[in-house]
Amino acid sequence: MSKTAQTAATDTDENATSKNPPHYLMWFRRDLRIHDNTALAALCERAKEDNALVSAVFFLTPEQWQAHDTSLVQVDHITRTLPILAKDLQSQLNITLTVQLCPSFTDCIEALTTLCNDNEISCVMANHEYEGNEIDRDEQSSKQLAKNDIEFVCWHDQCILPPQSITTNDGDSMYKVFTHFIKNGDIRWTSAPSKCTKHPQWIGIIKSNYHHRKRLPIQSTISKH
């Protein structure tokens, strides 16, 4: 092959590589639904803007469940819901759900990093979980993903307002009297502009009920590069 031909072939390969679409990942936890899912809606909207691929993952963590004394009823609910979620994601959003066995949260971090590296995933989104071990897991995941220049974004989804977002006038103390707490909360709702997450047309099946449930799609970025 001539030098000119080699240069042309190299340029073609570089152009093909540079045109590969970005790849994003939805990390499901206890939010096994496509409706009214803040992180999923935000990720799909961003993917629409960036022309990115979207995949999803759920980690089965039996040893962690045992340590948390998770009931058999809850485990049964998870195992019954996952096939339904996988079918809905594939048929309605063209998203493939990967279910992976990881004994503990520590194993999840390594598995998540490997999954992202193997599939050239540049952004991971999930909904916040507020328990102690879950917070530690997300913090460690953020640090590990950051080493590989992978963005990790968590969204507040479970609560009407993020935990500890309603405080006294000094901004640091929590209310001790419920009446004052609820009045401040009412002010937050009446003063905050109503906002719904905008969904692209191709994921119109995702219906948000922010207005009806008084939920604000407030974003919390754990690690962003």
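Here are the numbers for this structure:
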item	result
Overall Cα dimensions of the range 28-137, principal axis frame, Å, largest first	41, 27, 23
L53 long-range amide H proximity, modeled H, under 5 Å	H23, Y24
Karplus (6.51, -1.76, 1.60) ³J(HN,Hα), θ = phi - 60°, over the range 139-149, in Hz, Gly and Pro reported as x	5, 5, 4, 4, 5, 5, 5, 4, 4, 9, 6
3J(HN,Hα) from dihedral phi, the range 67-77, Karplus parametrisation 6.51/-1.76/1.60, rounded to Hz, x for glycine, proline	5, 8, 6, 5, 5, 5, 5, 5, 4, 4, 4
Net lengthening on full extension, Q140/R33 (0.36 nm per residue, minus Cα-Cα)	36.0 nm
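The numbers here are math on the coordinates, done by the rules we state, and not lab data. As the structure is a computational prediction, the values presented were derived from the model and not from experiment.
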